[in-house]
Amino acid sequence: MNILHFRPADRFPAVHFGYWEELLEEWAEQGKIPRELAVDNHDGSEKDRALDKLIGWDFNWSQVTGSKSGLFPAFEYKVLETLPDGTRRVQNSVGLIERVKPGITSIPSEDDYILKDREAFETLYRPKMLYAPQRVDVEYYEHFNETRPQDIPVGLHLGSVLGEIRSMVSVIGMSYLIYDEDEDLFADIVDTYAEMQYQCVKRILETGAKFDFGHYWEDICFKNGPLISPDLFDELCAKHYKKRNDLCRQYGIDIISLDCDGVTEKLLPTWFENGVNTMFPIEVGVWGDQFEAARNKFGKGMLGVGGMDKTAFRKDKAAVDAEIRRMQRLAALGGFIPCPDHRLMPGSKFELVQYYAEEIKKIKV
């Protein structure tokens, strides 16, 4: 928190963003970690924190908590069809029809979607997007300050203005809905979902629970830029970020991060001008560093967590050292905390991850 507020600090923290399940299985097979830490290891869980101590991490940035801010109740997960090669067509919990291939653990192929028109929205989706008291565990948050971890920062999950809607309808479906003959439909979907999430955040904060930062999940970009016109994104979403972020600041939360993969440059103005001030995880990808350009454009108000090319962990010590040197340069800008730029993937070498976690703490603040 001192680093992100440009205050003196004793050292840099070693921060990460979780792992692919397959990597933890690899490490268990190699005898690097106990088998029990490879099973059901989730962000912020006791197993995740036990693995932090084993490796040398200080914490996982995804140590966040929130409400039931998605579709409520969710759609029934059901298999619609099994194809000859074993691929299953399934309806997932948000109504998206996916093709799940045997042995493949990455993101399934998008096959079809339910939310195609006004009738589907009004009958199937709007009722699942409305606020209800059951979405917030008030009793839990009334005692949150007594039970939360005291040695690491904990964030409040603020939801998603557009990314989760994209997950419901697919990129193709979103594109069609934007240009549907009912020109107000997509805006109505966004507004309805955003208002529910605002009410969830408001109810949690009213309990008196304290958080170190707020955090969005938004995945709405890819390797060439946004999945939606930046102008339309601003028109649809800016007001909702501002409303939610203004509320956070009323309750003393002034660090607000947003998780978006891909090239985010063209959407940064909407986020930054409406209260999001911390880039995360700042993927390097094939396009290179994004943080320094953002800092040069927006000034010291633009903070960052991430930016370390995680593929170095699949290579050698020289590759990791090169990334640490790059992190030193970015850290010198202030208001920036190095972190691998997404979940560590299979093939990452345990000893190199340990080495990075040790060395990153030596960067002079």
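For the reader, a short list of remarks on this structure follows.
- Annotation note: Cβ proximity below 6 Å between a residue of the range 22-43 that is closer than 16 Å to P346 by Cα and a residue that is open to solvent by 70 Å² or more (accessible area, probe 1.4 Å) (sequence gap 6+ or interchain) occurs for A28/R35; A38/E25.
- Boolean, D231 is open to solvent by 40 Å² or more (accessible area, probe 1.4 Å), part of a helix (DSSP H, G or I), without any contact (Cβ under 8 Å) to a residue 40 or more places away in the chain and closer than 22 Å to G155 by Cβ: no
- Selected residue (criterion: nearest to V90 (Cα to Cα)) from residues of the range 159-198 that are among the acidic types (D, E) and part of a loop (DSSP other than H, G, I, E, B): D180
- Qualifying residues in the range 138-185 (those that are charged (D, E, K, R) and surrounded by 15 or more Cβ atoms within 10 Å (Cβ to Cβ)) - the one farthest from S67 (Cα to Cα): R166
- Scan of the range 256-271 for residues that are at negative phi, surrounded by fewer than 21 Cβ atoms within 10 Å (Cβ to Cβ) and either touching a Lys or Arg at 6+ places or on another chain (Cβ under 7 Å) or in a helix (DSSP H, G or I) (or both), ordered by number: V263, E265, K266, L268, P269
- When every residue of the range 242-255 is checked against the conditions, none turns out to be more than 25 Å from A209 (Cα to Cα) and open to solvent by 20 Å² or more (accessible area, probe 1.4 Å).
- Among the residues listed as G208, G288, the single one being at pLDDT below 95 and surrounded by fewer than 20 Cβ atoms within 10 Å (Cβ to Cβ): G288
- Flag if K210 is part of a helix (DSSP H, G or I) and touching a residue at least 12 places away in the same chain (Cβ under 8 Å): no
- Flag for K300 being in contact (Cβ under 8 Å) with a residue 24 or more places away in the chain, surrounded by fewer than 17 Cβ atoms within 10 Å (Cβ to Cβ) and part of a loop (DSSP other than H, G, I, E, B): no
- For the range 57-90, a tally of residues being farther than 30 Å from Y140 by Cα and open to solvent by 20 Å² or more (accessible area, probe 1.4 Å) returns 11.
- Looking only at the range 58-81, and only at residues there that are under 19 Å from the mean Cα position of the chain (by Cα) and among the aromatic types (F, W, Y), the one that is nearest to D10 (Cα to Cα): F59
- Those residues of the range 311-351 which are assigned to a helix (DSSP H, G or I) and more than 18 Å from I363 (Cα to Cα), in sequence order: T311, A312, F313, R314, F350, E351
The values are calculated or read from the model by the stated rules, or taken from the named source; none is laboratory data. Just so it is clear, the model here is predicted, and its values are computed rather than measured. A quick note on method: Cβ atoms are made from the backbone with ideal geometry, for glycine too, and the neighbour counts reach across all protein chains shown. Protein only, heavy atoms only, side chains kept; ligands, DNA and RNA dropped before computing areas. Shrake-Rupley method; radii C 1.70, N 1.55, O 1.52, S 1.80 Å.
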